[in-house]
Each structure stands twice: as structure tokens, then as C-alpha cells.
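Participant: Questions regarding the structure given below will be posed in turn.
The values are calculated or read from the model by the stated rules, or taken from the named source; none is laboratory data. Nothing here was measured: the structure is a model prediction, and the numbers come from that model. With ideal geometry, Cβ positions are generated from the backbone for all residues, glycine too; neighbour counts draw on all protein chains shown. The protein model used for the area step is the full one, side chains on, heavy atoms only, and it has no ligands, DNA or RNA in it. Shrake-Rupley method; radii C 1.70, N 1.55, O 1.52, S 1.80 Å.
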Amino acid sequence: MNMARDADILRELYQVGDDGISGAKLASRLAVSRTAIWARIEALRRVGFDIEASPQSGYRLNAAPDLLLSEDLVARRGKIRIIGDPIQVFQETRSTNALAERLGRDGVKEGAVVVAEFQTQGRGRLGRTWLGSNGKGVLLSTLLRPPLRPPEVTRLTVMGATAVVRAIRRCTPVEPSIKWPNDIMIGSKKVAGILTEMNAEPDRVRYVVLGIGLNVNQSACDWPEELQSVATSLKIETGQSVHRAALTAALVEELDRDYCRSVGQEFGLVLDEWQSLCSTIGKEVCVQFGERRIEGRAEAIDTDGALLVRGDGGHLQRVTGGDVSLRLND
Ligand code: ATP
Ligand code: BTN
């Protein structure tokens, strides 16, 4: 299968929309024969693309299947600088973070994205398990080689969270918020989580894997009972299915934009946006971080993404990880 060509054909079809494009024009734009175009259109139809062909308007794409396909994701995403080249899709894997880590060890260049329809050992924060339902969520990891020092890598979790929120806003009417450090919430339920894993020497980052799990078309019954009270999906919130390929392409674009800002001079802008989306700031919180328990008012995050909590005695404490809950007297 000629991957690049399928992505090119789909990109042209997305661009012309309802106007359609003739086989001859498509063939000349892509510098291939009309027969080659016809063969690829047939192959795309076989995987579920509804492509109409008429003598008046030529080929027209009526609908795309709810599948994550690398050619389709490449066709949908706009121009990117780093994140999204290439995009590989796997039907099933242990964990997309583990796959991206492998790419990191193998010396692959930064920006590579891996997506899976199903994970057998999805990893969450603090050694937990991420439960994604087959074919209903977005499970994505990207390999990064940021020019940052190890303590600055928290920036990437911050930028990941703002990118997830913007992608959700682009594709749905939902307004998510961020719960420090990296939970994306709709109301009091979690719709997405981020797991940033780093491979570093004491003063040098070798690579970072930024993993995102996003609940899209799950119904409550797709999850075990204990998750139903803490998790939600975009479909549960909007009552409608969300097209996962469109959402994934939007997410890749937003990640690319925020990554470039975060490793450049514009991390302050990302941080401001993050703070405006964060429901934790200004609240009375309790943070459990291993054996440590910190209580007080969450005032801000610092430039490395750590949470600054003003304790009851008035002193400011810097928290770099853990689980946040609201204090009942808030
Ligand atoms: P522990 O007892 O170690 O604290 P746990 O009881 O929370 O773990 P795990 O199965 O290790 O159980 O982790 C599941 C947790 O991860 C859930 O409580 C939930 O917060 C989160 N989680 C996992 N998958 C999802 C998902 N798809 N959507 C939202 N949250 C999820
Ligand atoms: C969390 O605990 O909130 C973080 C969850 C991160 C889950 C995603 S799913 C894609 C990627 N691969 C993994 O194994 N984990 C992350």
C-alpha cells in the first residue's frame, strides 16, 4: 500500500470538501495516473471511506470511518514543526509510552507519535493502570528531545494539558478544566490523563515520552464500576459520538504548537493559559505525595510547573507531584 499517496489523496479530498475533484485533476496534482488514483480510491473505500464518484463533481468524500489510520491522521493534520512526523498507528500494544520509549532508546528523532486502538498494560501516574476501551478512546504518546534541564521537564506536562484542553474545545462544545498536575476534568470527573516519563542524566535530558489517554466514545458501562464515579468521556458529556481521527489530528497540532512555545521563549504564555484553565488554583487543597501530606491554599504554579501551596502557618511550600483533593472546608 502506498501510504504517502493515500495521505495525499485524502488531504486533497478534505480540502475540496463538497465541491469534489475530478480524477484527472487529482492525478495531475499528485503526478500519478488516473488509474493509480482509482485503485487507491477503491482501497480507501474498502477500509470504510465513503467516497462518491460522479461525472459532474468527480470524487467527493462523504464520510470517514471512526478508525485511527496513520495516512488519514497525516492528511488531516495541518503544518507541524516537530510533533506529528511520523504518526504510527498500532491496533494493539502493551503501552504507547513503552513503544515511544523504545523509539527514544533507538535514537529516533523527536516528534514521532504513536497511537494505539488498544493497550494491554496502559500506564497511569503513580504506578496505576490506565483503562482505555478498545477503539473508543485516544491513546497517544510522543517522543521528545527537549533542550531543557531535568527539573524543567514538568513544563511538558503543563503544555500537554493545555493542548488537550484546546483540542477538546476545537472538536466539542465542552469546556474542560485542569486539575493539577495533569488531570483534564469535566466537572468533577476525569476525561483525560497525562503521563510524562523522562530518561535523563543528572543534568541532561536524553528523551521524554509524553503520553495522553483521552476518553472519547466510551459509555459508563465500558468501565469497571469503581471507575464510573471518577471517569467520564466526551460522548457521555455531549450525548454524541466524537470523531476520534479529527480529535487526534487536532491534538497533534495543538501539542506541536505548545511544544514549540514551551521549549522556546514563550513558555510564559502556555503557563498563563494553563493557570486560567486550572481549577486547583485559589482552592483549599490537600496534597498527598507519598508519605508527605501538605495542606493549604493552592496559590499558583511556578515556572517549572510545581504547585505553590500556602500552608496554614503562612509559609509557601513547593509541591512537585502527588494527588490533590479539595479540603472540605473550602
Ligand atoms: P491504587 O490503589 O494504587 O491507588 P487505584 O485503586 O486507583 O490504584 P488503579 O487500577 O491502579 O486503581 O488505577 C486506576 C485509577 O486510574 C482510577 O482510580 C482512575 O483515577 C484512573 N483511571 C484509569 N483509567 C482511567 C480512565 N480511562 N479515565 C479516567 N481515569 C482513569
Ligand atoms: C494518569 O494517570 O492520569 C495518566 C494516564 C496516561 C495514560 C496514557 S494512555 C497513552 C499513554 N500510554 C500509556 O501507557 N499511558 C499513557
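Participant: Mind listing the long-range amide H neighbours of Arg94? Cut-off is under 5 Å, sequence gap 5 or more, other chains count too, H placed in the peptide plane at 1.01 Å from N.
Facilitator: Those qualifying (amide H under 5 Å, at least 5 residues apart or on another chain) are Thr120.
Participant: At a 1.4 Å probe radius, carbon and sulfur cover how many percent of the accessible area of the stretch 140-179?
Facilitator: It is 51 percent, rounded to a whole number.
Participant: Pop out the ³J(HN,Hα) list for the stretch 266-277 in order, Karplus 6.51 cos²θ - 1.76 cosθ + 1.60 with θ = phi - 60°, rounded to Hz; leave Gly and Pro as x.
Facilitator: Listing the rounded values in order: 10, 4, x, 5, 5, 4, 4, 5, 4, 4, 6, 9 Hz.
Participant: Further, regarding this structure: Using the alpha carbons of the stretch 165-291, what is the convex hull volume per residue in cubic angstrom, as a whole number?
Facilitator: In the stretch 165-291, the Cα hull volume divided by residue count equals 155 Å³.
Participant: Mind jotting down the distance between the C-alpha centroids of the stretch 32-59 and the stretch 239-254, whole Å?
Facilitator: First find each Cα centre; the distance between them is then 24 Å.
Participant: Measure nothing but the geometry: give the 0 to 90° angle between the long axis through the Cα atoms of 154-171 and the longest principal axis through the Cα atoms of the chain, rounded to 10°.
Facilitator: Taking Cα atoms only, the helix is inclined about 50 degrees.
Participant: I need the semi-axes of the equivalent ellipsoid of the chain: take the C-alpha gyration tensor, multiply each eigenvalue by 5, square-root it, list largest first in whole angstrom.
Facilitator: 39, 21, 17
Participant: Structure shown: which of Lys79/Lys136; Lys136/Lys235; Lys189/Lys235; Lys190/Lys235; Lys79/Lys190; Lys189/Lys283 lie over 19 Å apart, alpha-carbon to alpha-carbon?
Facilitator: Lys79/Lys136; Lys79/Lys190
Participant: In addition: Quick one: 3J(HN,Hα) in Hz for the stretch 246-259, Karplus 6.51/-1.76/1.60 with θ = phi - 60°, rounded, Gly and Pro as x.
Facilitator: These are the phi-based 3J(HN,Hα) values: 4, 5, 5, 5, 4, 5, 4, 4, 5, 5, 4, 4, 6, 5 Hz.
Participant: Tell me, what is the per residue accessible area of the chain in Å², probe radius 1.4 Å?
Facilitator: Numbers: 15120 Å² over 330 residues.
Counting only protein heavy atoms, the per-residue value for the chain is 46 Å².
Participant: Where in the stretch 51-65 is the amide nitrogen less than 18 Å from a point lying 7 Å along the Cα-to-Cβ axis of Arg34?
Facilitator: Within reach of a label on Arg34, which here means backbone N under 18 Å from a point 7 Å along Cα→Cβ, the stretch 51-65 contributes 52-60.
Participant: Among Trp223, Trp38, Ile87, whose Cα projects farthest towards the positive end of the dipole of the chain, with charges put on the beta-carbon of Lys, Arg (+1) and Asp, Glu (-1)?
Facilitator: The listed residue farthest towards the positive side: Trp38.
Participant: Placing +1 at every Lys and Arg Cβ and -1 at every Asp and Glu Cβ, with all other atoms neutral, what dipole size does the chain have around its Cα centre, in debye to the nearest 20?
Facilitator: Computed charge dipole of the chain: roughly 500 debye.
Participant: Right, another one. May I ask for the equivalent-ellipsoid semi-axes of the stretch 284-326, computed as the square root of five times each C-alpha gyration tensor eigenvalue and listed largest first in whole Å?
Facilitator: Gyration-tensor ellipsoid for the stretch 284-326: 14, 13, 9 Å.
Participant: Could you look at the stretch 3-63 and say what percent of its accessible area is carbon and sulfur, using a 1.4 Å probe and all protein chains?
Facilitator: So the carbon and sulfur contribution to the accessible surface is 49 percent.
Participant: Where does the chain land at 222 nm, in deg cm²/dmol rounded to the nearest 500, when only DSSP H runs of n ≥ 4 count, each adding -39500 (n - 2.57), divided by all residues?
Facilitator: Values: 10 runs with 110 residues, N = 330.
Helix-only estimate at 222 nm: -10000 deg cm²/dmol.
Participant: So what are the radius of gyration and Dmax for the Cα set of the stretch 255-324, in Å?
Facilitator: Gyration radius and largest Cα-Cα distance of the stretch 255-324: 13.4, 42 Å.
Participant: Taking only the alpha-carbon atoms of the stretch 1-89, what semi-axes of the equivalent ellipsoid follow from 5 times the gyration tensor eigenvalues under a square root, in whole Å, largest first?
Facilitator: Working: eigenvalues 89, 39, 32 Å².
Equivalent ellipsoid of the stretch 1-89: 21, 14, 13 Å, largest first.
Participant: Continuing with this model, one more query. How large is ³J(HN,Hα) for each residue in the stretch 318-327, as worked out from phi by the Karplus curve 6.51 cos²θ - 1.76 cosθ + 1.60 (θ = phi - 60°), to whole Hz, x for Gly and Pro?
Facilitator: Rounded to whole hertz, the list is 9, 10, 9, x, x, 10, 9, 10, 7, 7.
Participant: Between the stretch 70-92 and the stretch 178-214, what is the separation of their alpha carbon centroids in Å?
Facilitator: If we compute the Cα centre of each part, the gap is 20 Å.
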